Amino acid sequence: MDHFQLKDGVLHAENVALPAIAEQVGTPVYVYSRATLERHARVFREGLKDAGKIHLAFAVKSNPNLAVLKILANQGYGADVVSGGELERALAAGMKAEDIVFSGVGKSSAELMLGLDKGIGQFNLESEEEGQMLAEIAAARGEQAPATLRVNPDVDAGTHAKISTGKAENKFGVAIDVAPDIFARLSKLDGLNLRGVAVHIGSQLQKLDPLEKCYTRMGQLVSDLRAAGHTITHVDLGGGLGVPYKPEESPPSPADYGAMIARVTQGWDVTLMFEPGRVIAGNSGVMMTQVIRIKPGVNSDFVIVDAAMNDLMRPAIYDAWHHFEAVRPTGETMTASIVGPICESSDIFAKERDVDRVQTDDFGIFRTAGAYGATMANTYNSRPLVPEVLVDGNKFAVVAERIEPATIMAAEHVPDWLK
Ligand SMILES: *Cc1c(COP(=O)(O)O)cnc(C)c1O
């Protein structure tokens, strides 16, 4: 459930009519709903009520906006970060260092050092080599870094290949069959407090079966590690729960997910850690755009909008579907392709789709844009960087400004020797 609904024929975010935001901030623009973010954070936590001791870490990469992170910090969430930059953001938003988990396959020595400097709660190691590097850095400081070993369980997540991470051929984690040996070697290092294992098999999962298979394997691994004399206190089960992008989709609910977790992890006697991203942020945001003009095409008309693939990359890189709606729907529909102004054929949001009828200057939204939306935006074609707005009841605020080409040009330099 979200708070982007029609009221008196006009789409609203909570109690704010979307045209009011377009008027003040312009388009394209991302609009987030505080009530929706809070609701999703609450529902996810409630789903896990029978899962024993839990730790929730919002996957910052899904939406790193400081205001969004602040909302989640207030909901008691920590952060799952994958770079030094995300670590700085999580701290700046008020998340406690001890609630931060550092994931990512290529943490540099500088990033490991930063994590130690800030006193973060846990490093999820993605290789034996990374574990050795962290141990060395921590030992030199006279410290023990809290860590888990990320395991690749060789499970097909059944999602898009570009967001699958748990198949044997993927770059993430260490293969589950060699994990016990690597764990044994790393656990001997002075600089590490290796306290558990972690897993994350992919994103936008539409079914619980792959997760259940994965978690069952993790349960066996925990038993094997304990039998070998290791102390296991933490198991990080990652993120990945899907959201509906099309009205007719119904991925597993947080309640279904939580019930499965409670069943599969019964008796593990650990702190279970979670790294949800999309399921919290996805339907908490929309991207609003304005129609520039309608251009007749061979198969159907082109609706040319002022948003483009640089503002919302998911359709271009994952063939993702974002539901389009007119901000003032007339009840009429049209078959059209919705495209942006960028000089690439992949700059297309919808191909020959039945959509609300729109005309020049009308506003429309792409739904489910709160996760992996603004954070992936760039300035290709020297377009401005898209702004972000947060709505709370009757009020709204710009939480990320539009960055104009002039600002970006100001950071570029033509060397003297070209003059
Ligand atoms: C991306 C990522 C997540 C979040 O995935 P969602 O599908 O957004 O829930 C969690 N953990 C890790 C390690 C990730 O890379």
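Each value in this text was obtained by applying a stated rule to the coordinates, not by laboratory testing. No experiment lies behind these values; they were computed from the predicted model shown. Cβ sites come from the backbone with ideal geometry, for glycine too, and all protein chains shown count toward neighbours.
For this structure, a couple of remarks:
- The C-alpha atoms of segment 42-144 occupy a region whose extents along the principal axes are 41, 30, 23 Å, arranged from largest to smallest.
- The distance linking segment 144-192 with segment 1-34 is 42 Å (Cα centroid to Cα centroid, whole angstrom).
- On Cα atoms only, tilt of 254-264 relative to the major axis of the chain in degrees: 20 degrees
- Our helix-only sum for the chain, with -39,500 (n - 2.57) per DSSP H run of n ≥ 4 divided by its residues, gives a mean residue ellipticity at 222 nm of -8000 deg cm²/dmol.
- Fully extended contour minus Cα-Cα distance, from Asp301 to Ala410, at 0.36 nm per residue: 35.3 nm
- Here the chain is treated as a sphere whose radius is the Kirkwood value from Cα pairs; by Stokes-Einstein at 10 °C and 1.306 mPa s it diffuses with a coefficient of 70 µm²/s.
- Segment 345-413 and segment 221-253 have Cα centres separated by 33 Å.
- Coil-residue GluC sites (Glu not before Pro) of segment 374-419, DSSP, other Cβ within 10 Å capped at 14: Glu401, Glu412
- Charging the Cβ of each Asp and Glu at -1 and of each Lys and Arg at +1, and nothing else, the dipole of the chain about its Cα centre rounds to 480 debye.
- Environment charge of Thr265, counting only residues whose C-beta is closer than 13 Å and scoring Lys/Arg +1, Asp/Glu -1: -1
- Distant-in-sequence amide contacts of Gly297, defined by a placed amide H-H separation under 5 Å and a gap of 5 or more residues or a different chain, comprise Phe302.
- Annotation for segment 263-370: GluC sites (Glu not before Pro) lying in DSSP loop with at most 11 further Cβ atoms inside 10 Å of their Cβ are Glu332.
- Derived scalar couplings ³J(HN,Hα) [segment 52-61; Karplus, 6.51 cos²θ - 1.76 cosθ + 1.60; whole Hz; x for Gly, Pro]: x, 6, 10, 10, 10, 10, 5, 6, 4, 4
- The angle separating the long axis of helix 209-227 from the principal Cα axis of greatest extent in the chain is about 20 degrees.
- Relative pair counts by distance (%), Cα atoms of segment 240-342, 5 Å bins: 2, 9, 15, 19, 15, 11, 8, 7, 5, 4, 3, 1, 0
- Electrostatic dipole magnitude of segment 34-279 [Cβ: Lys, Arg +1; Asp, Glu -1; Cα centre; debye, to 20]: 640 debye
- Folded to 0 to 90 degrees: helix 128-140 orientation relative to the chain principal axis, Cα: 70 degrees
- Over segment 375-419, the fraction of Cα-Cα pairs per 5 Å bin, rounded to whole percents and listed from the shortest bin up, is 5, 17, 19, 17, 13, 12, 8, 4, 3, 2, 1, 0.
- 3J(HN,Hα) couplings calculated from phi for segment 321-335 with the Karplus curve 6.51 cos²θ - 1.76 cosθ + 1.60 (θ = phi - 60°) are, in sequence order, 9, 10, 5, 9, 9, 6, 6, 10, x, 9, x, 7, 10, 8, 9 Hz; Gly and Pro show x.
- In a DSSP loop and with at most 14 other Cβ atoms within 10 Å, the trypsin sites (Lys or Arg not before Pro) in segment 140-219 are Arg141, Lys171, Lys188, Lys207.
- Overall form of segment 34-279 per C-alpha gyration tensor (a/c, 1.5; a/b vs b/c): oblate
- Neighbour net charge for Phe396 - beta-carbon separation under 11 angstrom, K R +1, D E -1: -1
- Distant-in-sequence amide H partners of Ala198 (H built 1.01 Å from N, under 5 Å): Leu149, Arg150, Val151, Asp236
- Table column - 3J(HN,Hα) (Hz), segment 107-118, Karplus curve with 6.51, -1.76, 1.60, x for Gly and Pro: 5, 7, 4, 5, 6, 5, 4, 4, x, 5, 4, 7
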